Amino acid sequence: MFSTTLLSLLTVAATANAACTPPRNAATAAVECPIVFEGRVGVDAQLADFDSYDTSLFNAEYVKGENLQWSEIIQFPEAENAHFDDETHKPFEVTISDDSIFQTQKGFRRAGLQFLEDTNTGSPGSTGVKTIHFSLRIDPQRALNLSHEYLLVWREAADYSSNQFNFETGAVLGQASLPKDTYKVLDRQNKEIWSTPILEDSWQNFAVTLDHDQNTLQVYYSAGDEPLESVTEAVSNDNSGEGQFQIGMLKKPTGTDDVVNSGYQESGIDEGLIYGSLFVEDSADGCVSV
Ligand SMILES: *[C@@H]1O[C@H](CO)[C@@H](O)[C@H](O)[C@H]1NC(C)=O
């Protein structure tokens, strides 16, 4: 009798505890430049907030499987906060499944977030000097299959014919000499300009600066709580053609020349990647938060 009562008391206590928002560590790094697009998710955000333009930081309808809501795609993992996330933010996970088929694109499995105000034409992301920041952490429960090519963060030109840059992982189609198990930045010509190994148990922090006046691209990186450091020069890149950032996952098929519409994808996919400290800042006058 006593132990039953104690047990139920303990259960009540545990339930009450779980209902509280867990404490989050404070930011280890401050954002020092004006924010153009905010993608750091609030600590009190609910999954359903991603389904409505009133409550999401992102486009509520794109780019995802037609039959899925963002609240079915996003998860809130138990990870610590990333580099630029303070106690008002929390990380989120983007997942893909067999249902992650956008419109008629049967070759891809994809779920890509777009910042609410990053319109395909006339976006502030397409002028001046802008830096996109994002941190990544793997989810061992939802491992990617690195025999495939995955776009993770990219900027697609307004006419959808090419991407100004791709941040990727996995086996890049047609470039078998590149190792699979790295994160890599490809320029507009799909040439790798930088890569780093995937860490198992740490946040990895990335930034890509696009200079629309000089037509250059520069990559910054750090692991864990370390400040970002530039890992490339400002290399020449064709940043023209406007367009939008996309953040999440686009998994290409294998065994086809028509990656959009055909090719092989295994069934039973349950894959995910954890994102944090996501935002775009104005890097006019060389301002880049580290
Ligand atoms: C990974 O992808 C390759 C190529 O499509 C496929 O042959 C293999 O079965 C996949 N592995 C798993 C564990 O799904």
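Within the range 158-204, being open to solvent by 20 Å² or more (accessible area, probe 1.4 Å), farther than 15 Å from residue 221 by Cα, touching a residue at least 24 places away in the same chain (Cβ under 8 Å) and touching a strand residue (DSSP E or B) at 6+ places or on another chain (Cβ under 9 Å) holds for 158, 162, 163, 171, 173, 180, 181, 188, 190, 200.
Look through 155, 110 and report the one residue that is under 24 Å from residue 186 (Cβ atoms), open to solvent by 10 Å² or more (accessible area, probe 1.4 Å) and among the charged types (D, E, K, R). The conditions single out 110. Checked against the criterion of being in a loop (DSSP other than H, G, I, E, B) and within 16 Å of the ligand (Cβ to nearest atom), the range 159-172 has at least one qualifying residue. Against the condition assigned to a strand (DSSP E or B) and not basic (Lys, Arg), how does residue 104 come out, does it pass? No, not satisfied. Here is the figure for the range 61-83: residues that are open to solvent by 10 Å² or more (accessible area, probe 1.4 Å), of a type in the set (A, V, I, L, M, F, W, C) and in contact with an Asp or Glu (Cβ under 8 Å, 6 or more places away or on another chain) total 2. Per the conditions (1) modelled with pLDDT of 95 or more; (2) surrounded by fewer than 16 Cβ atoms within 10 Å (Cβ to Cβ), the sole criterion not satisfied by residue 8 is (1). Checking the structure you have, find out if any residue of the range 206-213 is open to solvent by 30 Å² or more (accessible area, probe 1.4 Å), part of a loop (DSSP other than H, G, I, E, B) and within 24 Å of residue 262 (Cα to Cα). Within the range 206-213 (the criterion being open to solvent by 30 Å² or more (accessible area, probe 1.4 Å), part of a loop (DSSP other than H, G, I, E, B) and within 24 Å of residue 262 (Cα to Cα)), the answer is no, since none of the residues qualifies. The set of residues in the range 255-283 being open to solvent by 40 Å² or more (accessible area, probe 1.4 Å) and touching a Gly at 6+ places or on another chain (Cβ under 6 Å) consists of 255, 260, 261, 262, 263, 264.
Of the residues 233, 229, which single one is touching a residue at least 40 places away in the same chain (Cβ under 8 Å), loosely packed, with under 14 Cβ neighbours inside 10 Å and more than 16 Å from the ligand (Cβ to nearest atom)?
229
Tell me whether the range 63-73 contains one or more residues that are basic (Lys, Arg) and within 30 Å of residue 259 (Cβ to Cβ). Yes; the residues of the range 63-73 include at least one that is basic (Lys, Arg) and within 30 Å of residue 259 (Cβ to Cβ). For the range 269-281, the criterion of being farther than 25 Å from residue 64 by Cα, more than 16 Å from the ligand (Cβ to nearest atom), under 20 Å from the mean Cα position of the chain (by Cα) and part of a strand (DSSP E or B) is met by at least one residue.
Looking across the range 239-262, the residues that are within 16 Å of the ligand (Cβ to nearest atom) and either closer than 19 Å to residue 180 by Cα or in a strand (DSSP E or B) (or both) come down to 249, 250, 251, 252, 253, 254, 255, 256, 259. For residue 250, the criteria (1) open to solvent by 20 Å² or more (accessible area, probe 1.4 Å); (2) within 21 Å of the chain's Cα centre (by Cα); (3) in contact (Cβ under 8 Å) with a residue 40 or more places away in the chain hold in every case but one, which is (1).
The values are calculated or read from the model by the stated rules, or taken from the named source; none is laboratory data. Keep in mind the model is a prediction, meaning the values are calculated, not measured. With ideal geometry, Cβ positions are generated from the backbone for all residues, glycine too; neighbour counts draw on all protein chains shown. Only protein heavy atoms, including side chains, enter the accessible area calculation; ligands, DNA and RNA are left aside. Shrake-Rupley method; radii C 1.70, N 1.55, O 1.52, S 1.80 Å.
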